[in-house]
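Below is one structure, written out as structure tokens, with a few remarks after it.
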2 protein chains.
Amino acid sequence: MHSIHQLLIKNLFQAPIQDHPEQEIVYAETLRFTYAQFRERVRRLAGMLLARGVKPGDTVAVMDYDSHRYLECYYAVPMIGAVLHTINIRLAPEQMVYTIGHAEDDVVLVNADFLPLLEQIKGRLDTVREYILLTDNNESPQTALPLSGEYEALLAAAEPVVDFPDFDENTRATTFYTTGTTGLPKGVFFSHRQLVLHTLAGLAALSSNADQGRFHREDVYMPITPMFHVHAWGIPYMATLLGVKQVYPGRYVPEALARLISTERVTFSHCVPTILHMLLSDPKCEQYDLSGWKVVIGGAALPKSVCKAALDRGVDVFSGYGMSESCPILALTHLSTDELLQDQESQVALRTRTGRPLPLVRLRRVDDDGREAPDDDKTPGALQVRAPWLTQSYLKDERNSEKLWADGWMNTGDVACRDASGSLRITDRTKDVIKVGGEWLSSLELEDIILRHPDVAEAAVIGKPDLRWGETPLALVVPKQGVTLPEKGIAHHVKCFVDKGVLPKEAVLIKVRLVESIVKTSVGKTNKVALREMY
Amino acid sequence: MHSIHQLLIKNLFQAPIQDHPEQEIVYAETLRFTYAQFRERVRRLAGMLLARGVKPGDTVAVMDYDSHRYLECYYAVPMIGAVLHTINIRLAPEQMVYTIGHAEDDVVLVNADFLPLLEQIKGRLDTVREYILLTDNNESPQTALPLSGEYEALLAAAEPVVDFPDFDENTRATTFYTTGTTGLPKGVFFSHRQLVLHTLAGLAALSSNADQGRFHREDVYMPITPMFHVHAWGIPYMATLLGVKQVYPGRYVPEALARLISTERVTFSHCVPTILHMLLSDPKCEQYDLSGWKVVIGGAALPKSVCKAALDRGVDVFSGYGMSESCPILALTHLSTDELLQDQESQVALRTRTGRPLPLVRLRRVDDDGREAPDDDKTPGALQVRAPWLTQSYLKDERNSEKLWADGWMNTGDVACRDASGSLRITDRTKDVIKVGGEWLSSLELEDIILRHPDVAEAAVIGKPDLRWGETPLALVVPKQGVTLPEKGIAHHVKCFVDKGVLPKEAVLIKVRLVESIVKTSVGKTNKVALREMY
């Protein structure tokens, strides 16, 4: 009996790269490489790491903007059996000390821009043996950090690895830390097998739609979700497997991004709603033609207003769904040819849905007693998932891992409705949902309705304990500058939507309080934990 | 740590079938089912088999034409942990006795048309406990076979299985027997994991091309490669995962196939060249519009003449490559948008190539010393493959299994050239190649050239031992009826192609012998083993 063929990252590296030797990989507006050069650089990077004593199971961390170098690390580090730790470059110094120590990083590849940050904490990075400098120019920066060398020089001197080893497909390939509103960052990790399966199923899902938003062999790809964040949704692996031209933009500067889309003829991207909003609203971006650009939105719900603005500019925008714990993609929204013929308002409603699961993914929605919620697009349920690419636990963190899993299902922490065609619509985070007399009210839905009032600048809705109802909704509302807004006006506005049947009748119990500002987390999300404590 | 998610056929069954309840599955020109009905029928089939004592590891065999019932067996049998044996309904009775016994079939589901065949051999089918009748009408046939019941009646009475069990992904799911020109049929077998991976990678490859020949969510699928033959190339699993309308044609009658393509608006199929040739040349098929029909050709090289005839009818024809031992798909030819703009002759040359490997597949070509042949599209090499979905051995057959594998690579038995863009071109079977003074001559290429002579009806080229050259080519040529054809004329015709640089210079050593007929195998292929013995 021949042994079972292991699913390894190197299987994603071979044929496509060899068969498109002239295909391009572009870095920002400065550098261009061919796939043939990329292949040679990955082989040299692997050789360099081995020569510097990196062994199977060691951890190699990267602190960089989105770059060709990062893509090289996506392959070379796991292909020698080491673990790639993609460091969130936006972490506070204390969180960085924690994650580098917790992941037990042996080697850190660091962009010159982050040297000052590492200098501050270098005395506390006990596990790190070597720092390797990443820089776009050939200058040697002044630094107190003990650098082992510069990436390009080390690559030039390295012996390329031609035959990469075989090993168990369940070998850990990558690690990344997620940050919540409370507590320490939590490590998620993925094996070679999981990344290969995510790549195949993601590609099958992204490419098999008839027309709208599909990813294919003649696209030009540019991520606008950071490469440190769950491998930029794993889409660089899919793009390389397709053999398409790839553009890595470096730092995210709206005008530079818009210019790259236009000059490099980028046709396929993914980003969070705020980045898309920036690209659409920045006056400096107006001169660039974005029509025909396909973009998957994830990380947060796509607001209808942003979706509409994108459609007005000819952007083919649609939603994806996933989380750091799930590698990340779980579901995608694709419109059928018939749906593409509908008017803009209907399309906005479809494109902002959460969509249908990828192949091999099962999503179910349960009530408090574990019963499945009906697929009527009205009844919400706590969303749980099964898939071959979920993190097996939080890294070295039993307490949080126990809460993540229930009966073989992973708790997403989201609440969702589903229609009869299997299309999901996330309505809230589990912990933000408000229970009024046993019925679930979505805080996100209430906020969305309140924000439609012309005099409202910001709004946050939380649950307030109530003797009779259990909880009732409390809306904290920031009026627009210079506007006098009666609290009753907001309550009336909400009631109108109850009368229209848009909101459930429990929503009329809403209380409104005008405030000057709403407290945010470090990454700019509404801090509902703090709000619940305050009110 | 959460356990590793197993890759099981049931993962291919859940979401798509649930989410397209109204989608259709059509059988021949007689029956229509919805996906919702299909789901219920699979659950009942599983319940029926369990109730009749089928246990994990038991083998359930099917003898049927392409049908909705066969699709139901593709899922229900492996999903209860049993093995599906897809019996080649074209086998001779002796071969059938051998394969049913060798596979240790416990239950046989048999179409009424094959009852006479089984009656002949029933005394020798020692392993079979039960026979279940498949029939399109409700009549009870007269038979000496001890039938346990009729499929539809048993399904109607069965208790549906709702939750299918979890088990090891390396559990065997299917078995099929391949027949060569010599020796006993050889069993190949595939696990749940292998079928899931083949489905995902095949779908990613078939769907990710920009335009030409791609398979997508709005296609209508009809196989014209028998469902007993390596799961109709595994494409029914992909079609179900896509959620598309499926048409199963029953017996292959050219006019009925053409009518189904036209009336059911079939857009995607696969078949061997002879079936395509029949559809294009049968006068009864002429009235049906085939334009826009996409068809992948495999099983044998697509002749340029058939490719051209298909293009003339507006058929989007292209080649695939695989073998029974490889689940089967290994490579596909897809044209780029630029290539689609080329003239018909160039397109024919491209569409008849073997193409590029699927994701996770590696194909290499080696000479006698195991050195890789250059990618110059001229130098042939023996084609070897690595992929996660190759049979691990021939079933219970160590002697043949040893010949199948070499150094972790599977020998395909084919000889191929490859160009710099990774596109393969099969030039011969390893055992049919002719070695002239150390150079490899392709018998298929010589036959193709000789067949271009206007007076030639049939041709076969074999190697003949030669003291000086090792081997020289011998062409056996059947002239067209009523034509006097000098042997020298053929030799001169070959020499012209050597002079043009189409054939290597060793081809001028060809000897020509006129014959009245060329001996064939039971499946209509030229029997070169017999020819080499005869001459």
Inter-label distance for residue A:167 and residue B:364, nm, one decimal - labels placed 7 Å from Cα along Cα-to-Cβ: 2.1
Stretch gain in nm, segment residue B:379-residue B:274, where the contour uses 0.36 nm per residue and the Cα spacing is subtracted: 34.9 nm
Relative contact order, percent, segment A:54-132 [alpha-carbon distance under 8 Å, six or more residues apart]: 37
Distant-in-sequence amide H partners of residue A:299 (H built 1.01 Å from N, under 5 Å): A:322
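I'd like the FRET efficiency for residue B:398 and residue A:300, computed as 1/(1 + (r/R0)^6) with the beta carbon distance as r and R0 of 41 Å, rounded to 0.05.
The formula returns an efficiency of 0.10 here.
At a 10 Å Cβ-Cβ cut-off, how would you order B:405, A:293, B:389, fewest neighbours first?
By the 10 Å Cβ count, ascending, the order reads B:405, A:293, B:389.
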Simple label model, 7 Å out from Cα along Cβ direction - residue B:371 to residue A:211, nm: 5.3
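Run the numbers for residue B:405 and residue B:253: contour at 0.36 nm per residue of separation, minus the present Cα-Cα distance, in nm. Kindly include the intermediate steps, with their values, before the conclusion.
On the way: separation 152, 0.36 × 152 = 54.72 nm, distance 3.85 nm.
Using 0.36 nm per residue and subtracting the Cα-Cα distance, I get 50.9 nm.
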Value of relative contact order over chain A, rounded to a whole percent, pairs C-alpha under 8 Å and six or more apart: 10
Between 0 and 90°, nearest 10: helix B:93-102 axis offset from chain B longest Cα axis: 60
Relative exposure of A:399, A:69, B:52, judged by other C-beta atoms within 10 Å (fewest first): A:399, B:52, A:69
Number of partner chain Cβ atoms within 10 Å, mean per residue of B:291-304: 0
Using a Förster distance of 45 Å, the FRET efficiency for residue B:496-residue B:3 (Cβ separation, nearest 0.05): 0.10
With Cα atoms, 0 to 90° folded angle of helix B:254-263 axis to chain B main axis: 60
Cα Rg, Dmax, segment B:434-534, angstrom units: 13.1, 39
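Cut-off is 10 Å between beta-carbons; in what order do B:316, A:377, A:338 appear when sorted fewest neighbours first?
On the way: B:316 22, A:377 15, A:338 9.
In order of increasing Cβ crowding within 10 Å: A:338, A:377, B:316.
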Kirkwood Rh and Cα Rg combined as Rg over Rh, evaluated for the protein assembly as shown: 1.00
Principal-axis tilt of helix A:68-79 within chain A, Cα atoms, nearest 10 degrees: 80
Label 7 Å beyond Cα on the Cβ vector: residue A:400 copy-to-copy distances, nm: 5.5
Calculated label separations, residue A:251, copies of the chain, 7 Å along the beta-carbon direction, nm: 7.5
Student exercise, segment A:421-468 dipole from Lys, Arg, Asp, Glu Cβ charges, in Debye to nearest 20: 220
Total formal charge among the other residues, if their Cβ is under 15 angstrom from that of residue A:486, Lys/Arg +1 and Asp/Glu -1: +3
Cβ-placed point charges (K, R +1; D, E -1), dipole of the protein assembly as shown about Cα centre in debye, nearest 20: 200
Förster radius 25 Å - calculated FRET efficiency between residue A:311 and residue A:286 (Cβ-Cβ, nearest 0.05): 0.95
Segment residue A:30-residue A:431, extension gain: residue separation times 0.36 nm, minus the distance between their alpha carbons: 139.9 nm
Rg to Rh quotient for segment B:9-191, alpha carbon positions, Kirkwood Rh: 0.95
Kirkwood Rh, angstrom, chain A [1 / mean 1/r, Cα pairs]: 24.7
Shielding by partners, peptide A:202-213 (average Cβ within 10 angstrom, other chains): 6
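Using only alpha carbon pairs under 8 Å that are at least six residues apart, calculate the relative contact order of segment A:9-191 and give it in whole percent.
Working: 299 pairs, mean separation 42.0, N = 183.
Averaging sequence separation for qualifying contacts and normalising by length gives 23 percent for segment A:9-191.
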Among B:194, B:241, B:225 - extreme Cα towards positive end, dipole of segment B:192-360, charges at beta-carbon: B:194
At q = 0.24 Å⁻¹, base-10 log of I(q)/I(0) for segment B:1-97 (Debye sum, equal scatterers on each alpha carbon): -1.28
Residue A:344 paired with residue B:480, simple spin-label distance in nm, labels 7 Å along Cα-to-beta-carbon: 6.5
Shielding by partners, peptide B:240-248 (average Cβ within 10 angstrom, other chains): 2
Label geometry 7 Å along the beta-carbon vector: residue A:4 inter-copy distances in nm: 0.5
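Could you tell me what percent of the DSSP beta bridges with both partners in segment A:192-360 are antiparallel, to the nearest 5?
Here the share of antiparallel DSSP bridges comes out near 30 percent.
Bear in mind that the values in this text are calculations on the coordinates, not laboratory data. Note that this is a predicted model, so its numbers are computed, not measured. Here the Cβ is made from the backbone with ideal geometry for all residues, glycine too, and neighbour counts use every protein chain on show.
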